[in-house]
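Trainee: Have a look at the structure that comes next, please.
The values are calculated or read from the model by the stated rules, or taken from the named source; none is laboratory data. What you are looking at is a predicted structure, and each value in this text was computed from that prediction instead of being measured. Because the Cβ atoms are built from the backbone with ideal geometry, glycine has one as well, and the counts that use them run over all protein chains shown.
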Amino acid sequence: MRAFVRLAASALVVVATLTSLPAMGQTWPQRTVRLIVPLPPGSGTDLVGRLLAERLSQRWGQPVVIENRQGGDGIPAVTSVVGARDTHLLLLSFAGIITVNPLLHERLPYDPAKDLVPIVPIADNFLGAAVSATLKVDSLADLVKIAKTQPGKLNWAATPGVPYYAVLALLRSAGIDMAQVSYRDFAPAYQDMNQGRLHLVATGVPLLVSHHRAGTAKLLFVTNRERSPQAPEVPTAREAGYPDLTFEGTVGIYGWRGLAADIQKRIADDVRAVTADDSFRAKVATAGSAARSGSSAEFAAAIEEQRSKIADLHKIVQKR
């Protein structure tokens, strides 16, 4: 009987000790948090990430640093996170690592559906399409009209991922035929557009705005649901009459499979507090993006919407 009492007392001590300890999410982070960005310094995603890192450092009382690991369609960045299984290592990325990569690569060193956990959205990058000023068109309707009278004569180029599929959506929706031009290095595409050798370019709006302002190109539409703060005069694809071209350039934070739920919640709660702040939203707008607040479920739903739409377009391409 005495032994039973001693055992019960010991169990009560253990339970009391465990319940008195704070949850892991409350004590996290305990050291520097690293956010891996699969794009080079100076990109829209990188700029938003650095604004976020500064605010999170203040909230968490620990350094939050951006590490750029560009190239390879984001695959090296993803594998560095899912392989390390480090509670202080996260991925800050565009959704293409889940929505586009499985279509471009027969084999991936990670499972997009299982190895990556969408934790919280941060922002929407603005994507759009511009035409060479030599075409002398003022609207998307004008471009479609010219393309229909000259099937296969006009050409286009797009950066990989959503911009590429946005052009495919345009060709399908408008029933037009344009020739694709591929670039190993995309920088010459802008010069070709400005000089009229390339007719349509689809990519991030910040990369097109300077040409739009200089008058060497005309930004026809943005793929987002809202107009870009950098070019508020430019309509959305829906406003231009092509709702099928609506794609959001959603950026957010991802964790790896098995990351503790309470840590994920801590990250999501604090990031939402930052992205809802007016001063943060103003700075993100200046960088050419739109801050996005939302839950993990809303982030996952946005990714799935993009994945489904792009998968349908990809099937059409494969049938050609």
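Trainee: Has segment 304-314 got any residue that is buried (at least 16 other Cβ atoms within 10 Å of the Cβ) and of a type in the set (Asp, Glu)?
Mentor: Yes; the residues of segment 304-314 include at least one that is buried (at least 16 other Cβ atoms within 10 Å of the Cβ) and of a type in the set (Asp, Glu).
Trainee: I'd like to check which helices (runs of 4 or more DSSP H) are fully inside segment 130-235 and have at least 1 residues that are at pLDDT below 95, outside the structural domain of Ser308 (by TED's automatic domain parsing) and in contact with a helix residue (DSSP H, G or I) (Cβ under 8 Å, 6 or more places away or on another chain).
Mentor: 162-174, 205-214
Trainee: Tell me whether segment 185-195 contains one or more residues that are over 21 Å from Thr286 (Cα atoms) and touching a Lys or Arg at 6+ places or on another chain (Cβ under 7 Å).
Mentor: Here is the first cut: in segment 185-195, the residues over 21 Å from Thr286 (Cα atoms) are 185-195.
Adding the requirement that they be touching a Lys or Arg at 6+ places or on another chain (Cβ under 7 Å) leaves none.
Scanning segment 185-195, I find no residue that is over 21 Å from Thr286 (Cα atoms) and touching a Lys or Arg at 6+ places or on another chain (Cβ under 7 Å), so the answer is no.
Trainee: Hey, another quick one. With respect to Asp73, determine if the residue is of a type in the set (Asp, Glu) and over 22 Å from Ala268 (Cα atoms).
Mentor: Working: of a type in the set (Asp, Glu): yes; over 22 Å from Ala268 (Cα atoms): yes.
Answer is yes for this residue.
Trainee: Where residues in segment 66-87 are closer than 19 Å to Val48 by Cα and of a type in the set (Gly, Ala, Ser), which of them is modelled with the highest pLDDT?
Mentor: Per the criteria, the residue is Ala77.
Trainee: Under the condition of being buried (at least 20 other Cβ atoms within 10 Å of the Cβ) and not small (Gly, Ala, Ser), which residue from segment 169-183 is nearest to Gln306 (Cα to Cα)?
Mentor: Keep residues of segment 169-183 that are buried (at least 20 other Cβ atoms within 10 Å of the Cβ), which gives 169-170, 174, 178.
This time we only want the ones that are not small (Gly, Ala, Ser), so: 170, 178.
Working: Leu170: 16, Met178: 24 Å.
Of everything passing the filter in segment 169-183, Leu170 is nearest to Gln306 (Cα to Cα).
Trainee: Does Gly241 satisfy being in contact (Cβ under 8 Å) with a residue 60 or more places away in the chain, under 29 Å from Ile98 (Cβ atoms) and in contact with a helix residue (DSSP H, G or I) (Cβ under 8 Å, 6 or more places away or on another chain)? Break it down into steps so the answer makes sense when it comes.
Mentor: On the way: in contact (Cβ under 8 Å) with a residue 60 or more places away in the chain: yes; under 29 Å from Ile98 (Cβ atoms): no; in contact with a helix residue (DSSP H, G or I) (Cβ under 8 Å, 6 or more places away or on another chain): yes.
Taking the combined requirement at face value, the residue does not satisfy it.
Trainee: Something else: Need the failing condition index for Asp86 against (1) among the charged types (D, E, K, R); (2) in a loop (DSSP other than H, G, I, E, B); (3) closer than 25 Å to Trp156 by Cα, just the number.
Mentor: Here Asp86 meets the rest and fails (3).
Trainee: A further question on this structure: Taking segment 295-309, which residues are within 14 Å of the chain's Cα centre (by Cα) and not acidic (Asp, Glu)?
Mentor: Correct list: Phe299, Ala300, Ala301, Ala302, Ile303, Gln306, Arg307.
Trainee: Can I ask one more? For segment 107-135: of the residues being of a type in the set (S, T, N, Q) and more than 19 Å from Val37 (Cβ to Cβ), which is surrounded by the fewest Cβ atoms within 10 Å (Cβ to Cβ)?
Mentor: Pass one, segment 107-135, residues of a type in the set (S, T, N, Q): 125, 132, 134.
Among the residues that remain, those that are also more than 19 Å from Val37 (Cβ to Cβ) are: 132, 134.
Numbers: Ser132: 22, Thr134: 15.
Filtering first and then ranking leaves Thr134.
Trainee: Considering (1) surrounded by fewer than 22 Cβ atoms within 10 Å (Cβ to Cβ); (2) at pLDDT below 95, say which one Ala240 fails and leave the rest.
Mentor: Status for Ala240: all satisfied but (2).
Trainee: Let me ask something else. Scan segment 270-317 for residues that are of a type in the set (Val, Ile, Thr) and either touching a strand residue (DSSP E or B) at 6+ places or on another chain (Cβ under 7 Å) or outside any helix (DSSP H, G or I) (or both) and jot them down.
Mentor: The answer is Val271, Thr275, Val284, Ile303.
Trainee: Also, quick follow-up: For segment 250-265, does any single residue satisfy the condition of being among the acidic types (Asp, Glu), surrounded by fewer than 21 Cβ atoms within 10 Å (Cβ to Cβ), assigned by TED's automatic domain parsing to the domain that holds Val117 and more than 18 Å from Glu54 (Cβ to Cβ)? Write out each step before concluding.
Mentor: Step one: filter segment 250-265 for residues among the acidic types (Asp, Glu), giving 262.
Keeping just the survivors that are surrounded by fewer than 21 Cβ atoms within 10 Å (Cβ to Cβ) gives 262.
In the following step, the residues that additionally are assigned by TED's automatic domain parsing to the domain that holds Val117 were identified as 262.
When the remaining residues are screened for being more than 18 Å from Glu54 (Cβ to Cβ), the result is 262.
Within segment 250-265 (the criterion being among the acidic types (Asp, Glu), surrounded by fewer than 21 Cβ atoms within 10 Å (Cβ to Cβ), assigned by TED's automatic domain parsing to the domain that holds Val117 and more than 18 Å from Glu54 (Cβ to Cβ)), the answer is yes, since at least one residue qualifies.
Trainee: Within segment 88-106, can one find any residue that is without any contact (Cβ under 8 Å) to a residue 40 or more places away in the chain and surrounded by 18 or more Cβ atoms within 10 Å (Cβ to Cβ)? Break it down stepwise before answering.
Mentor: First, the residues of segment 88-106 that are without any contact (Cβ under 8 Å) to a residue 40 or more places away in the chain: 101-102, 105-106.
Next, only the ones that are surrounded by 18 or more Cβ atoms within 10 Å (Cβ to Cβ) stay: 101-102.
Within segment 88-106, one or more residues are without any contact (Cβ under 8 Å) to a residue 40 or more places away in the chain and surrounded by 18 or more Cβ atoms within 10 Å (Cβ to Cβ).
Trainee: Taking segment 108-129, which residues are over 18 Å from Leu208 (Cβ atoms), in a loop (DSSP other than H, G, I, E, B) and touching a residue at least 40 places away in the same chain (Cβ under 8 Å)?
Mentor: Lys114, Asp115
Trainee: In a helix (DSSP H, G or I), within 13 Å of Lys283 (Cα to Cα) and either touching a helix residue (DSSP H, G or I) at 6+ places or on another chain (Cβ under 6 Å) or at pLDDT 90 or above (or both): does that describe Gly25?
Mentor: no
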